[in-house]
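The values are calculated or read from the model by the stated rules, or taken from the named source; none is laboratory data. Keep in mind that this is a model prediction, so the values were computed, not measured. When we count neighbours, we look across all protein chains shown, and the Cβ atoms used for this are built from the backbone with ideal geometry, even at glycine. What goes into the accessible areas is simple: the full protein's heavy atoms, side chains included, and nothing from ligands, DNA or RNA. Shrake-Rupley method; radii C 1.70, N 1.55, O 1.52, S 1.80 Å.
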Amino acid sequence: MEPHTITVARALELPALRRGLPEVMAAADRLHRPVRWVHAGEVPNIADLLKGGELLLTTGLGLGGRPAEQRAFVRRLAERDIAALVVELGSRLPALPAAVVDTARSCGLPLVQLHRQVPFVAVTEEIHTELVNEHYALLRRAEDVHRRCTEVLLGGGGVPEVLRLFADFTGNP
């Protein structure tokens, strides 16, 4: 069974990110990517700290001042296979540098700019709550299938009945 996942698109629909007035600047066709975790960071070598699947929140402090640094920053994140890069615009970074946008486009990395400041902790809490709730729901369903299989077997049922339960659970005949 394919568990439901929080995608970049779903994350952008949640209230905490919506308050930031998100605008997708690159790879809008890849917003279906799953978000495994949310991470906030401002260091130039942030990619080294990530495993992949993260939604990275930043104000852009680690982007670097030169286009070559900015391209390398985005390329490393794309190579790490993060879900998306979300940059909050503000006095430090009033607009995304062209090198960042162009590199995200060429790498197919979803890039989102936030036009309003949002507390990154609120975004993290909201998305992590959704992730935990999804995992909990999946565990409850798995426990239900286990209980039903046990009942079938104890009631004298055999492999065909058990396979029917698994087919129902997975949605796959």
Only one residue in E126, E151, E134 is assigned to a helix (DSSP H, G or I), open to solvent by 80 Å² or more (accessible area, probe 1.4 Å) and not basic (K, R). Which one? E151
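In the range 32-77, what residues are of a type outside the set (F, W, Y), open to solvent by 30 Å² or more (accessible area, probe 1.4 Å) and closer than 18 Å to I6 by Cβ?
At the first step, the residues of the range 32-77 found to be of a type outside the set (F, W, Y) are 32-36, 38-72, 74-77.
Add one more test, that the residue is open to solvent by 30 Å² or more (accessible area, probe 1.4 Å), and what stays is 32, 34, 36, 39-40, 42-45, 48-49, 51, 59, 61, 65-69, 71, 75-76.
Across the range 32-77, the qualifying residues are H32, P34, R36, H39, A40, K51.
Here are some residues: A99, A72. Which one is farther than 26 Å from P15 by Cβ and in contact with a Ser or Thr (Cβ under 9 Å, 6 or more places away or on another chain)? Explain how you work it out, then say what you get.
Values: A99 fails: in contact with a Ser or Thr (Cβ under 9 Å, 6 or more places away or on another chain).
Criteria check complete, one pass: A72.
Just checking, how many residues over the range 90-112 are assigned to a helix (DSSP H, G or I) and charged (D, E, K, R)? Give the steps one after another, and end with the answer.
The initial filter retains those residues of the range 90-112 that are assigned to a helix (DSSP H, G or I), namely 98-107.
Remaining after also requiring charged (D, E, K, R): 102, 105.
Number of matching residues: 2.
Mind checking which residues of the range 8-31 are at positive phi and open to solvent by less than 70 Å² (accessible area, probe 1.4 Å)? Full working, then the answer.
Quick first cut of the range 8-31, residues at positive phi only: 21, 27.
Scanning the range 8-31 gives a single hit, A27.
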Tell me, yes or no, whether the range 143-165 has at least one residue that is among the acidic types (D, E) and either within 19 Å of H32 (Cα to Cα) or touching a Lys or Arg at 6+ places or on another chain (Cβ under 9 Å) (or both). no
Assess whether F120 counts as being in contact (Cβ under 8 Å) with a residue 12 or more places away in the chain and in contact with a strand residue (DSSP E or B) (Cβ under 6 Å, 6 or more places away or on another chain). yes
Within the range 154-171, count every residue that is part of a helix (DSSP H, G or I) and surrounded by 10 or more Cβ atoms within 10 Å (Cβ to Cβ). 10
